[in-house]
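Worksheet: the structure to be examined is printed underneath.
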Amino acid sequence: METIQHKKILVADDDTNSLRVMLQAFKEVGAKYDILYAPNGKVACELAYQNVPDLILMDWNMPVMTGLEAVKQLKQNSITAEIPIIIVTGVMIDDLNLDEALQNGAVDYLRKPINVIELIARVRSAINLHDVNQKLKEIYEHNLEQKKRELATNSVQIAQKTEAFNALKELIETLPASNTKQEAMRLIARNIQLDAHWDNFKMHFSEVHPDFFSKLQTAFPEITQNELKHCAYIKMRLASKEIAQLTNISVKGMETARYRLKKKLNLSAEQDMNDFIQNI
């Protein structure tokens, strides 16, 4: 039989007969499980915080703290929130009871008297599923970090390009009027393409912060599209000078825009708008 090697399992149960059955079952399948034991939910929580097991088998009815109470507590703690927990019960076996356990964070249940084959199958299934989910989470977080780096690079490149074209535009404006000057100005205008840059930026930004724009528009329905842009650039921690270049407004106009945006966000003079937007 294929086994899962080197996994740490916490068994919380005040029933010595059930405990003996479970320990014997793990021994017979030949898996190298490290077994921790708790006689009640309170001790189970303490051991879980200290040891962070790969799986918890939690009896529902125990003294001091019930298994269900322990599940709720463990799921509220960031250290133990993702540990898969299987509820073990011989009394609370109605569908409503089992649904309650699942609703509060258990991933599976096991009825008493314990069937050894079912026990091992459910343990292996829960651990395998958790391992797969953790791997998928790692892949997602890696991809998300990569997208964040790409978005930051894209933002800086757009700002630098816009700054360069604006500087060139100012230089050309000092030249005498001519057909060459007019053609150069048209060429610069085509290359800046702020709207095209925004569409590209917004697409990548939404991949990293999928609910950002909807949250802003729901909470502050009077916010304009230009103000949404402003908020997105602040979320990217761009400097005011860079935002001014990207939105094609002057530094003076930037001050006015920030003042109006702060009022629309219902922020007091003491509140920092940058901090507020970072928390959205």
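The values are calculated or read from the model by the stated rules, or taken from the named source; none is laboratory data. The model shown is predicted, which means the values in this text are computed figures rather than measured ones. Don't worry about glycine lacking a Cβ; one is built from the backbone with ideal geometry, like all the others, and counts go over all protein chains shown.
Key figures for this structure:
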{"read-out": "Criterion (loosely packed, with under 12 Cβ neighbours inside 10 Å, out of contact with any strand residue (DSSP E or B) (no Cβ under 7 Å at 6 or more places or on another chain) and not basic (Lys, Arg)) met by exactly one of Gln103, Gln73", "value": "Gln103"}
{"read-out": "Inter-residue pairs, beta-carbon under 7 Å, first surrounded by 13 or more Cβ atoms within 10 Å (Cβ to Cβ) and in segment 119-148, second among the basic types (Lys, Arg), 6+ apart", "value": "Ile127/Lys7"}
{"read-out": "Cβ pairs under 7 Å, 6+ apart, first in segment 39-59 and of a type in the set (Lys, Arg), second at pLDDT 95 or above and surrounded by fewer than 17 Cβ atoms within 10 Å (Cβ to Cβ)", "value": "none"}
{"read-out": "Whichever residue in segment 263-280 is under 27 Å from the mean Cα position of the chain (by Cα) and not in a loop (DSSP other than H, G, I, E, B) and, among such residues, is surrounded by the most Cβ atoms within 10 Å (Cβ to Cβ)", "value": "Ile277"}
{"read-out": "Matching residues in segment 88-122 - criterion: being in contact with a helix residue (DSSP H, G or I) (Cβ under 8 Å, 6 or more places away or on another chain) and in a helix (DSSP H, G or I)", "value": "Glu100, Ala101, Val116, Leu119, Ile120"}
{"read-out": "Options Glu242, Glu255: the member that is in a helix (DSSP H, G or I), surrounded by 15 or more Cβ atoms within 10 Å (Cβ to Cβ) and either of a type in the set (Gly, Ala, Ser) or assigned by TED's automatic domain parsing to the domain that holds Leu151 (or both)", "value": "Glu242"}
{"read-out": "Yes/no for Ala48 being surrounded by fewer than 15 Cβ atoms within 10 Å (Cβ to Cβ) and either closer than 22 Å to Lys135 by Cα or among the hydroxyl-bearing types (Ser, Thr, Tyr) (or both)", "value": "no"}
{"read-out": "Cross-chain or 6+ apart pairs with Cβ under 9 Å, segment 202-221 first and under 14 Å from Glu145 (Cα atoms), then assigned to a helix (DSSP H, G or I) and aromatic (Phe, Trp, Tyr)", "value": "Phe205/Phe212; Phe205/Phe213; Ser206/Phe212; Ser206/Phe213"}
{"read-out": "Count - residues of segment 63-87 that are assigned to a loop (DSSP other than H, G, I, E, B) and acidic (Asp, Glu)", "value": "1"}
